[in-house]
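What follows is a set of notes on a single structure, which appears directly below.
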Amino acid sequence: LGLDKNLHVNSIRVGGIVGKHEVVFGLPNQTIRIIHESHNRAAFGQGALYASKWIMAKEKGIYSMEQALSLIMAGNHEASLDMNEVTVP
């Protein structure tokens, strides 16, 4: 997109909102917005459970959530973890 790497990124936190993430690209003559909204905190729990189950099959190391989610985005069958099978002691 030819964006200036010296421009700032702003973050605004507002109380009472479970989760709204918005990326805005202000370009000449247009604006591109990508918005993600969580309506319930359960969405965060699902992600944590998915990551926990995903990482159990990995070797010791440091992994990012992006690595776990990249399997889902790529349509990898390993990513089709059944969250109903997660057991929490």
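The values are calculated or read from the model by the stated rules, or taken from the named source; none is laboratory data. This one's a predicted model, so the numbers in the text were calculated from it and none came from an experiment. Ideal geometry is used to build each Cβ from the backbone, glycine not excepted, and the neighbour counts take in all protein chains shown. For the accessible areas, the whole protein counts, side chains as well, though only heavy atoms, and no ligand, DNA or RNA atoms are used. Shrake-Rupley method; radii C 1.70, N 1.55, O 1.52, S 1.80 Å.
Scanning the stretch 19-40 for residues that are surrounded by 10 or more Cβ atoms within 10 Å (Cβ to Cβ) and within 18 Å of Met65 (Cβ to Cβ) gives Gly19, His21, Val23, His36, Ser38. Of the residues making up the stretch 41-72, those that are more than 30 Å from Lys5 (Cα to Cα), open to solvent by less than 60 Å² (accessible area, probe 1.4 Å) and in contact (Cβ under 8 Å) with a residue 12 or more places away in the chain are Ala43, Gly47, Tyr50, Ala51, Lys53, Trp54.
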